[in-house]
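A.B. asks: I am attaching a structure below and will ask some questions about it afterwards.
The values are calculated or read from the model by the stated rules, or taken from the named source; none is laboratory data. In this text, all values refer to a predicted model and were calculated from it rather than measured experimentally. Every residue, glycine as well, gets a Cβ built from its backbone with ideal geometry; the counts of neighbours run over all protein chains shown. To get the accessible areas, we keep the full protein, side chains included, count just its heavy atoms, and leave off ligands, DNA and RNA. Shrake-Rupley method; radii C 1.70, N 1.55, O 1.52, S 1.80 Å.
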Amino acid sequence: MSLISQNTGTKFLENRDADEDVDAGGSSPCKDTVEKEPKLSRFKRSKKRNRTYNKYQKASRMEEEEKEIKKLESFLFGGLNSSIQFGKEIAGDDNERPLPLFFLDKSAGDDMIVYKEDICQDSKERKPVWVDEEEERTEVNILSVRRLRKLRKEADEKLISGAEYVSRLRAQHAKLNPRTDWAEVNQKSGEVFTSDDESNDESGITNAPGYGDAEGDDVLRGNYELIDKSSVKLLPGILEYSRLMNANSEEPSNGPINSVQFHRNGKLLLTAGLDKRLRFFQIDGKRNTSVQSIFMEDFPTRKASFLPNGSHVILSGRRKFFYVFDLVKAAVDKIGPLTGREEKSLELFEVSPDSNTVAFIGNEGYILLVSTKTKELIGTLKMNGTARSLAFVDDGRQLISGGGDGHIYHWDLRLRRCIHKGVDEGCITTTSLSASPDSSLFAAGSSSGIVNIYRRDNFLGGKKKPLKSIENLTTTVNFLKFNQDAQILAICSHMKKDSLKLIHIPSFNVFSNWPPRSGLQYPRCVDFSPGGGFMAIGNAAGKVLLYKLNHYQNA
């Protein structure tokens, strides 16, 4: 510290002591008394106060650093319950109205009798935001210039003010360029001017459909949707979508992508594959920033999945153990081998919707139930044939499974026994299963490429006939996925190029404009964001293709 700063600090402290004594009710000490105070005592007191001041500064800096860290975490991961809304990326005050992109200039006055027959004036005009004072003081000679003589109201009129000149020019422009009749909206009453032939009353004014609730031309001032598509059913035939930047463009994979999944907040995407890396990306459709990459030693990942509560990630491969990644602590735990089991591969699993149970496919038709809290084996289920696919239903209280015998099993996990067993029509081997979020529907894919869609209540009641059999794939169905409102079903096969179809539910028709012409290569996995706005597709080339589904407003 320089001498100047030391003297300034001491003088400041002395003046502050004097002010404190005055505030306490005492008189201000004289200058002679301050000078007679021993130098040693003043030095000790100043040193003590400097230490106190330094502690306060240190605490203040630590508090600011903690706020900055929390702000950064919120920017990267976002709140667990928050979601992206398209068209509202820039947050603002909910009570503030969006600024208008344009406004209609209607400053022409009613006093212009000459043009009142040709233009339609509103009864209430908007006031201009800014008025040029020079216009009132300026005079324009409209008689001296030939092209301005048409602005005269009287034959001998010569000088007019600047404001009057501007007003007459606008009226002349409106006269030469009349507006389209059907686009004339009366802001006050919401009426539209139409032709006399289409009008039933004497005024020639009729109401246009949809203008009853609109506030005049205010509907054009914002970028919000006029129709709330979230409550509208998705139509069959053509799917409206947009191609976005690849989700893993900042850090593509060196091997096939086996798993993609969105976090429950809709902003974080997980990718995993045979390159032994678990990656996280912040998805916004524009940059898709890479958040973190974790290398798993000697562990090519066959499947990775978030727990539904969003706290952990389960990773499996062709090993007798699996990994659990804690998102909060950023720590990886190795679990297994499971006690009493001799499985050499735990590559296929499903997580219950309540985040309490993980079901692994074991050897010889066994299904292994593992607790997510204790990471221990809590029970087993046994099928007659080999187990190939699983799906939880009824909020995790029941499990459906399929395998080599062509049957679909329903298990009650509380009783740990099979409550129903039915034949999957036309199926030799069930290779994939998926249930809708409300568990009312489930789809079963087979090795022959046929996908059967069942209503679960009817299937449990003995009706084995599927609602629809989808025969658009010709190779083994490896992956099935319903979106969040069960209006779209994605079916996928690893064995053929561009073999990913999107089925419209409940019409059970394939969208005709999918897959896109740009090509998907060899798709391996699909996931929809919690709000339905994003769809991510992982392929064998190590890319994660990202699409925006325009029907859905939230990510």
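A.B. asks: Hey, any hits in the stretch 336-346 for a residue that's in contact (Cβ under 8 Å) with a residue 40 or more places away in the chain and surrounded by 14 or more Cβ atoms within 10 Å (Cβ to Cβ)? Break it down into steps so the answer makes sense when it comes.
C.D. replies: Residues of the stretch 336-346 that are in contact (Cβ under 8 Å) with a residue 40 or more places away in the chain, as a first pass: none.
The answer is no; no qualifying residue exists.
A.B. asks: What pairs can you find where one residue is in the stretch 165-181 and under 30 Å from residue 137 (Cβ atoms), the other is modelled with pLDDT of 85 or more, and their Cβ atoms are less than 6 Å apart, with a gap of 6+ or different chains?
C.D. replies: If the second residue must be modelled with pLDDT of 85 or more, the pairs left are 165/140; 168/151.
A.B. asks: Only one residue in 430, 380 is of a type in the set (Ser, Thr, Tyr) and more than 36 Å from the chain's Cα centre (by Cα), so which one is that?
C.D. replies: Numbers: 430 fails: more than 36 Å from the chain's Cα centre (by Cα).
Being of a type in the set (Ser, Thr, Tyr) and more than 36 Å from the chain's Cα centre (by Cα) holds for just one of 430, 380, which is 380.
A.B. asks: Within the stretch 412-431, track down each residue that is crowded, with 20+ Cβ neighbours inside 10 Å and in contact (Cβ under 8 Å) with a residue 40 or more places away in the chain.
C.D. replies: Listed by number, the residues that qualify are 413, 430, 431.
A.B. asks: Next question, about the same structure. Give me a count of the residues in the stretch 518-543 that are assigned to a strand (DSSP E or B) and either among the hydroxyl-bearing types (Ser, Thr, Tyr) or out of contact with any Cys (no Cβ under 9 Å at 6 or more places or on another chain) (or both).
C.D. replies: Start the filter on the stretch 518-543 by keeping residues that are assigned to a strand (DSSP E or B), which leaves 523-528, 532, 534-539.
From what is left, the residues that are either among the hydroxyl-bearing types (Ser, Thr, Tyr) or out of contact with any Cys (no Cβ under 9 Å at 6 or more places or on another chain) (or both) are 527-528, 532, 534-535.
Adding up the residues that qualify gives 5.
A.B. asks: Enumerate the strands (runs of 3 or more DSSP E) found wholly within the stretch 475-517, keeping only those where 3 or more residues are within 13 Å of residue 528 (Cα to Cα).
C.D. replies: On the way: elements: 479-482, 488-492, 500-504.
Of the strands (runs of 3 or more DSSP E) lying wholly inside the stretch 475-517, those with at least 3 residues that are within 13 Å of residue 528 (Cα to Cα) span 479-482, 488-492.
A.B. asks: Within the stretch 347-366, how many residues are aliphatic (A, V, I, L, M) and either open to solvent by 60 Å² or more (accessible area, probe 1.4 Å) or at positive phi (or both)? If you could, list the steps in order and put the result at the bottom.
C.D. replies: Step one: filter the stretch 347-366 for residues aliphatic (A, V, I, L, M), giving 348, 351, 358-359, 361.
Narrowing further to those that are either open to solvent by 60 Å² or more (accessible area, probe 1.4 Å) or at positive phi (or both): 348.
So the answer is 1.
A.B. asks: Name the strands (runs of 3 or more DSSP E) wholly inside the stretch 230-286 in which the number of residues that are open to solvent by less than 20 Å² (accessible area, probe 1.4 Å) and among the hydrophobic types (A, V, I, L, M, F, W, C) is 3 or more. Steps first, please.
C.D. replies: On the way: elements: 241-243, 257-262, 268-273, 277-282.
In the stretch 230-286, 257-262, 268-273, 277-282 are the strands (runs of 3 or more DSSP E) which contain 3 or more residues that are open to solvent by less than 20 Å² (accessible area, probe 1.4 Å) and among the hydrophobic types (A, V, I, L, M, F, W, C).
A.B. asks: Under 21 Å from the mean Cα position of the chain (by Cα), modelled with pLDDT under 95, surrounded by 15 or more Cβ atoms within 10 Å (Cβ to Cβ) and under 20 Å from residue 372 (Cβ atoms), is that true of residue 310? Steps first, please.
C.D. replies: Details: under 21 Å from the mean Cα position of the chain (by Cα): yes; modelled with pLDDT under 95: yes; surrounded by 15 or more Cβ atoms within 10 Å (Cβ to Cβ): yes; under 20 Å from residue 372 (Cβ atoms): yes.
Against the criterion (under 21 Å from the mean Cα position of the chain (by Cα), modelled with pLDDT under 95, surrounded by 15 or more Cβ atoms within 10 Å (Cβ to Cβ) and under 20 Å from residue 372 (Cβ atoms)), residue 310 qualifies.
A.B. asks: Of the residues 538, 445, 449, which is out of contact with any strand residue (DSSP E or B) (no Cβ under 8 Å at 6 or more places or on another chain), open to solvent by less than 10 Å² (accessible area, probe 1.4 Å) and farther than 17 Å from residue 240 by Cα? Let's see the steps before the verdict.
C.D. replies: Details: 538 fails: out of contact with any strand residue (DSSP E or B) (no Cβ under 8 Å at 6 or more places or on another chain); 445 fails: out of contact with any strand residue (DSSP E or B) (no Cβ under 8 Å at 6 or more places or on another chain).
Exactly one of 538, 445, 449 is out of contact with any strand residue (DSSP E or B) (no Cβ under 8 Å at 6 or more places or on another chain), open to solvent by less than 10 Å² (accessible area, probe 1.4 Å) and farther than 17 Å from residue 240 by Cα, namely 449.
A.B. asks: Between 377, 369, 381, which is in contact with a Lys or Arg (Cβ under 9 Å, 6 or more places away or on another chain) and buried (at least 21 other Cβ atoms within 10 Å of the Cβ)?
C.D. replies: On the way: 377 fails: buried (at least 21 other Cβ atoms within 10 Å of the Cβ); 369 fails: buried (at least 21 other Cβ atoms within 10 Å of the Cβ).
From the options 377, 369, 381, the qualifying one is 381.
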